[in-house]
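Below is one structure; the comments refer to it alone.
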Amino acid sequence: MRKLLSVLILMLCGMLNLQAQSDAARKLKERQAVLYHTDSLQTFMDVSERLKKVLVEEGEEELFYDAWHRQIAYVLDNVSSRQALKMIDEMRDYVEKHKSKYGFIIVTFLNAHVAKNLGMNDRAEELVQQAIEYKKRNLPDTKPMLQLYFFLSRVYGERKEGEKLIQTLDRALKLPGWSNEEIAVLWSLKCNAVTFQEPVDTVGFMEYYKQMHAVLRAIGYHGNATVSTECYHAQLMNDYSRLLESAQKITDKGQRLKFKIIAYDGLEMNREAIDSFRVYNKWMDEQFNVETRKQAEMSALQLESARAENETETLRLTNQRMVLIGIVCGLVFLAVFLAIYLRRRIIQMRALREAYDQLEEVTIQKERIESELRIAHQIQMSTVPTDFQLHPALNIYGSMTPAKIVGGDLYDFFVRDGQLFFCIGDVSGKGVSAAMFMMMTTSLFRTCSSMESRPDGILSLINKNLCENNRKNMFVTLLVGVLDLASGLLRYSSAGHENPIIIGSEATFLPLARVFPAGIIDTTVYQTQEIVMEPQTTLLLYTDGLTEARNANRELLGRQRILAEANRAIQAARTEPQEVIDRMVHAVSDFAGDTEQSDDLTLLAISLNPSVSMKSNQKK
């Protein structure tokens, strides 16, 4: 009797413990969902780790991988692709060790997510399709996975394939097993698909929007799963205040910044729009880092290898069962099995040889690309002026150091009719596309300066030309100036560029009107400002590669350190243009130490020869 009572007590304790764990898992899952839409990184990560531990103890495989997926997706959208890739590698190793088919689907999907963030849309679509096919083969009886179709909508949206996306979602809606909330999200994705078409089918959008809200009302849902659709609706209705409010709820940092820029522009909040542009530009630069792209591709290749090994292991177990059946049923079935096995091995070896051939082809292509990049660097640097002996009354010097093989910074100058025309700029992004945009901007400066002599007029012409067919939404911060060599009158106009420094008896920043960079809005109005440059005064222009140089502690060099360096040049009586630029380059080198250069560094310094300019004034 005592033994029976003890057994019953132990069973009751086990049931209570299981119930406690289930309640804990439910509460942690709800907490993770709330934190997913906040900036509380450390709290979110702690809650996610606790939830994963509880789900492992309860043996909830799918819920465990779903929680892990949300954790990595949060890091992808809010921190960095590089850190997310490390977490994906950990998941892949765990999945491979535990031979989890559902885990392989989640890892494949996460690799697609990374590829999408890095602009590799074709690769992302390929990985998602692999995940869908893998699920059909290995988990045919499980319910459909919403995240796969949600992700395909982002890929097709990036490529403006709205009609293809609508067809894909119509097929998905016919699949059994969706919950009401998931059906509402699929209708939300159909709404978004309409916005990817050109022109936007407003009537179609409103029809899908009504269907979505009918489902939401039926289930009483008030979450953020359809927030991107609400942003598109607010944009179509020109309700920019609601657009700004809705954008704050979007988890994806890149998408959130895009909607905020549109909202700020619609609300005529130019300062906030420009600041958001800068944050978006830096975020995209970090996401498109070349090393991260290589790491993502390597992670995807390792995943494919692990998945193939998993399927081979599954095949091996199946083959063992076939051997047992062959022994029971006779030599005939054994012979059939051996034939099938050998055929599969031959196919696998052929696929392995093809993979090695592809790897060799990739290596050859990489070497050819590096060769072409070196040629592009030579072509780009050949367009940068190196003849600084333009006029007896002028002392000018420039320097440009790209962070990569090719860069997006620029400067140019020439003398016409006793006036110095000059410009300095910084193109958004890096690499080949930024270099091409830089060369086009430099060419436009020369062309527009031949038709217009006022800086604001030159900037307006450049801006209108850059806005035409600018499908990649690139832009350039630019400062254009015209200096009269006889009188010293300097007229200048800025398109969102850094404030130059005037180095005379002391160093001060030149005031600038805050205006949109060139290439964003073709109707932007630019302003001309003017000062008189005294002899023995140097004008220093630079790109943000100077102010935003970083050291090992991730500290910025900053405007105040640059200003202090300029004042030290005045105290040392070393204020000639070349002396000032050499001093600034050394200051960046000393500050950064062994830290890799993260941005292009370009400087241009100008001063008037006092003796020649005085003679010119006397003749007048």
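The values are calculated or read from the model by the stated rules, or taken from the named source; none is laboratory data. Just so it is clear, the structure is predicted and the values come from calculations on it, not from any experiment. Heads up, the Cβs are rebuilt from the backbone with ideal geometry, glycines too, and the neighbour counts pull from every protein chain shown. With ligands, DNA and RNA removed, areas are computed over all heavy atoms of the protein, side chains included. Shrake-Rupley method; radii C 1.70, N 1.55, O 1.52, S 1.80 Å.
Among GLY425, GLY418, which is the only one that is at positive phi and in contact (Cβ under 8 Å) with a residue 12 or more places away in the chain? Show your work before the answer.
Working: GLY425 fails: at positive phi.
Of the residues listed, the single one that is at positive phi and in contact (Cβ under 8 Å) with a residue 12 or more places away in the chain is GLY418.
Screening segment 448-464 for residues that are open to solvent by less than 10 Å² (accessible area, probe 1.4 Å) and not aliphatic (A, V, I, L, M) and picking the one that is nearest to VAL476 (Cα to Cα) gives ASN463. Tallying residues that are more than 19 Å from LEU63 (Cβ to Cβ) and surrounded by 20 or more Cβ atoms within 10 Å (Cβ to Cβ) within segment 93-117 yields 8. Counting only residues that are closer than 21 Å to GLN197 by Cα, open to solvent by less than 40 Å² (accessible area, probe 1.4 Å) and part of a helix (DSSP H, G or I), segment 118-150 holds 4 of them.
Go through segment 518-546 and count every residue that is polar (S, T, N, Q), closer than 28 Å to ASP265 by Cα and open to solvent by 10 Å² or more (accessible area, probe 1.4 Å). Before you say what the answer is, go through the steps one by one.
If we filter segment 518-546 for residues that are polar (S, T, N, Q), which is where we start, we get 523-524, 527-529, 536-538, 543.
Next, from what is left, pick out any that are closer than 28 Å to ASP265 by Cα: 523-524, 527-529, 543.
Restricting the remaining residues to those that are open to solvent by 10 Å² or more (accessible area, probe 1.4 Å) gives 523-524, 527-529.
Residues that pass the stated criteria total 5.
Considering only residues of segment 570-619 that are crowded, with 19+ Cβ neighbours inside 10 Å, closer than 25 Å to VAL384 by Cβ and at pLDDT below 90, which is farthest from the chain's Cα centre (by Cα)? In this case the residue turns out to be ASP600.
For residues in segment 161-181 being in a helix (DSSP H, G or I) and more than 20 Å from ALA225 (Cβ to Cβ), which is most open to solvent (accessible area, probe 1.4 Å)? Even if it seems obvious, please write down each step before you answer.
First, the residues of segment 161-181 that are in a helix (DSSP H, G or I): 162-173, 180-181.
Those left that are additionally more than 20 Å from ALA225 (Cβ to Cβ): 162-164, 167, 171.
Details: GLY162: 1, GLU163: 101, LYS164: 87, GLN167: 96, ARG171: 145 Å².
In this case the residue turns out to be ARG171.
Return yes when SER153 is closer than 18 Å to PHE109 by Cβ, hydroxyl-bearing (Ser, Thr, Tyr) and open to solvent by less than 30 Å² (accessible area, probe 1.4 Å) and no when it is not.
Working: closer than 18 Å to PHE109 by Cβ: yes; hydroxyl-bearing (Ser, Thr, Tyr): yes; open to solvent by less than 30 Å² (accessible area, probe 1.4 Å): yes.
Considered against the rule, which asks whether it is closer than 18 Å to PHE109 by Cβ, hydroxyl-bearing (Ser, Thr, Tyr) and open to solvent by less than 30 Å² (accessible area, probe 1.4 Å), SER153 comes out as yes.
A Cβ distance below 8 Å, combined with a sequence gap of six or more or placement on separate chains, defines the contacts here; from segment 317-346, residues that are modelled with pLDDT under 80 reach residues that are open to solvent by 100 Å² or more (accessible area, probe 1.4 Å) in the pairs MET322/PHE333; ILE325/PHE333; GLY326/PHE333; LEU334/ILE327. Scanning segment 71-92 for residues that are open to solvent by 30 Å² or more (accessible area, probe 1.4 Å) and free of Cβ contacts under 8 Å to residues at least 24 places away in the same chain turns up GLN83, LYS86, GLU90.
Among residues of segment 193-225 being of a type in the set (Val, Ile, Thr) and open to solvent by 50 Å² or more (accessible area, probe 1.4 Å), the one that is nearest to LYS249 (Cα to Cα) is ILE219. Kindly establish whether LEU152 is among the aliphatic types (A, V, I, L, M), free of Cβ contacts under 8 Å to residues at least 40 places away in the same chain and touching an Asp or Glu at 6+ places or on another chain (Cβ under 8 Å). So LEU152 fits the description; yes.
Within segment 547-566, the set of residues being surrounded by fewer than 14 Cβ atoms within 10 Å (Cβ to Cβ) and touching a residue at least 12 places away in the same chain (Cβ under 8 Å) comprises ALA552 only.
Going through MET436, MET474 one at a time, which residue ends up being open to solvent by 20 Å² or more (accessible area, probe 1.4 Å), part of a helix (DSSP H, G or I) and among the hydrophobic types (A, V, I, L, M, F, W, C)?
Working: MET474 fails: part of a helix (DSSP H, G or I).
The unique qualifying residue is MET436.
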